[in-house]
Amino acid sequence: MGQLPLRTPVSAHHSEPVLDVVVPVFNEEKDLEPSVRRLHAHLSETFPYPFRITIADNASTDETPRIAAQLAAEIPELEWLRLAEKGRGRALHTAWSGSRAPVLAYVDVDLSTDLAALLPLVAPLISGHSDIAIGTRLARGSRVVRGPKREAISRCYNALLRSTLAVGFSDAQCGFKAVRRDVAERLLPLVKDSGWFFDTELLVIAERAGLRIHEVPVDWVDDPDSRVDILSTALADLRGIARIGRELARGTLPTAGLRRAADGSHSAGLAAQLLRFAAVGAVSSVGYVLLYVALRPATGGQAANALALLLCALANTAANRRLTFGLRGRVGALRHQAQGLLVFTVGLALTSGSLAVLHRTTPTPARTTEVGVLVAANLAATLVRFLLFRAWVFPAGRRGGAEETAI
């Protein structure tokens, strides 16, 4: 399977639905009809392209199937499908896989997210700017009304994702997302989860493949009648995180068929990144040697090595952040520097260890020998640093020419 083609805008002259909004439901006889009518009215008034609404009923046992069938018979832009098994992820997978609309979206049936954000959500996908778009309740500009318990759970979950899987997106579980169909066709077969972790897994795979994820701050009001079992969902999410973490550690997360053809961005490929990283590393190495030589007489070998490495590490992280991995703006810069300093300890261990071994074998080595050993150790540390930068500090989804989303 080859790379994804370059993103192109959806044609303004489109007779078939451009947008398919899926509403996954399970036993929602109370909310289904008023929510679907409200969604249909909003799209009819505000969306400038043909659209479809798809009710994806995943094994409801109440009056939901009857209401969905009545609505589908009455509203021309509405379709209904019924699944024999439960699972929100399964419902979305089935509905999106069967749709031919260029842009696929979903909203939760309670419409907790203000529909005014729907057009801003899908516009970057229609224009060809982004691959996936998500609503976020945790970005600056969002307005959220919910209890402290659910607020704490949501923030802890997303903080856990950032600390364990090093994700760049801010809100994995907001029920308000969209994806281009060409991306969904490649991405959906790779997502294993059929429940609530479906969203997170889809986003992690997409981000690791370097796909562009657009975030839209939303106004969101908690539904007090939510049917979500928080404990079982949390346990399932933890199992999902552990599974994805193992796949990342083993390098088996399937992302090869999701990469875009080169479009001139900073994330064009490994070879281009290596060249830029090597250039930054060469300048850093020269700076390191000059600093070491300048500091050595006053501080001694070990202290001079540590100070020179620290100063060069800060400059190196900043330069690679902008030049190698294409990140701009101050958002996330402190986090990247903190992670860069942890990576710095690897370089410090390699160079300090080399220096210690040299002095143990040769108590009074020549200055040129000492500098040569340090340069060789620093080159080895540079290779390790690149691998850690690429996999951990600046994973694929955080790269690109645009500024990061404020979180």
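If the condition is being in contact (Cβ under 8 Å) with a residue 60 or more places away in the chain and open to solvent by 40 Å² or more (accessible area, probe 1.4 Å), then segment 290-322 contributes only 293.
Residue 326 fails exactly one of the following numbered conditions: (1) in a helix (DSSP H, G or I); (2) buried (at least 17 other Cβ atoms within 10 Å of the Cβ); (3) at pLDDT below 90. What is the number of that condition? Among (1) in a helix (DSSP H, G or I); (2) buried (at least 17 other Cβ atoms within 10 Å of the Cβ); (3) at pLDDT below 90, the lone unmet condition for residue 326 is (1). Of everything listed in (1) over 17 Å from the mean Cα position of the chain (by Cα); (2) part of a helix (DSSP H, G or I); (3) modelled with pLDDT under 90, the single unmet condition for residue 263 is (2). The helices (runs of 4 or more DSSP H) located wholly in segment 48-130 that include 2 or more residues which are among the polar types (S, T, N, Q) occupy 64-74, 88-97.
Rundown of residues vs (1) of a type in the set (A, V, I, L, M); (2) surrounded by 15 or more Cβ atoms within 10 Å (Cβ to Cβ); (3) modelled with pLDDT under 85, yes/no style:
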position	(1), (2), (3)
351	no, yes, yes
388	yes, yes, no
393	yes, yes, no
400	no, yes, yes
403	no, no, yes
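Contact annotation: residue pairs with Cβ atoms under 7 Å, 6 or more positions apart or on different chains, pairing a residue in segment 122-134 that is under 16 Å from residue 4 (Cα atoms) and in contact (Cβ under 8 Å) with a residue 60 or more places away in the chain with a partner that is open to solvent by 20 Å² or more (accessible area, probe 1.4 Å) and among the polar types (S, T, N, Q), are 128/8. Here is a check on your reading of the model: is residue 347 surrounded by 16 or more Cβ atoms within 10 Å (Cβ to Cβ), touching an Asp or Glu at 6+ places or on another chain (Cβ under 6 Å) and modelled with pLDDT under 80? No, not satisfied. Of the residues making up segment 138-192, just one is among the polar types (S, T, N, Q), outside any loop (DSSP other than H, G, I, E, B), under 22 Å from residue 216 (Cβ atoms) and under 14 Å from the mean Cα position of the chain (by Cα), namely 158.
Cβ-Cβ contacts under 9 Å between residues 6 or more apart (or on different chains), taken from a first residue in segment 85-101 that is of a type in the set (Asp, Glu) to a second residue that is open to solvent by less than 60 Å² (accessible area, probe 1.4 Å), are listed as 85/58; 85/59; 85/194.
The listed residues are 85, 28, and the only one of them that is closer than 23 Å to residue 193 by Cα and surrounded by fewer than 19 Cβ atoms within 10 Å (Cβ to Cβ) turns out to be 85. Of the residues 191, 204, 221, 179, the single one that is modelled with pLDDT of 90 or more and surrounded by fewer than 15 Cβ atoms within 10 Å (Cβ to Cβ) is 221.
Selection over segment 15-47 of residues that are in contact (Cβ under 8 Å) with a residue 60 or more places away in the chain, outside any strand (DSSP E or B) and under 26 Å from residue 129 (Cβ atoms) gives a count of 8. Looking only at segment 353-396, residues that are assigned to a helix (DSSP H, G or I), touching a helix residue (DSSP H, G or I) at 6+ places or on another chain (Cβ under 9 Å), over 30 Å from residue 169 (Cα atoms) and of a type in the set (Val, Ile, Thr) come to 5 in all. Restricting attention to segment 207-218, the residues being open to solvent by 40 Å² or more (accessible area, probe 1.4 Å) and at pLDDT below 95 number 2.
Conditions tested, residue by residue: (1) closer than 18 Å to residue 123 by Cα; (2) under 30 Å from the mean Cα position of the chain (by Cα); (3) β-branched (Val, Ile, Thr).
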{"site": "12", "(1), (2), (3)": "yes, yes, no"}
{"site": "63", "(1), (2), (3)": "no, no, no"}
{"site": "97", "(1), (2), (3)": "no, yes, no"}
{"site": "108", "(1), (2), (3)": "no, yes, no"}
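Taken over segment 364-386, the criterion of being within 23 Å of residue 318 (Cβ to Cβ), open to solvent by less than 70 Å² (accessible area, probe 1.4 Å) and among the hydrophobic types (A, V, I, L, M, F, W, C) is satisfied by 374, 375, 377, 380, 381, 384, 386.
The values are calculated or read from the model by the stated rules, or taken from the named source; none is laboratory data. Remember, it's a predicted structure, so these values are computed and weren't measured experimentally. Positions of Cβ are backbone-derived with ideal geometry, glycine not excepted, and every protein chain shown enters the neighbour counts. What goes into the accessible areas is simple: the full protein's heavy atoms, side chains included, and nothing from ligands, DNA or RNA. Shrake-Rupley method; radii C 1.70, N 1.55, O 1.52, S 1.80 Å.
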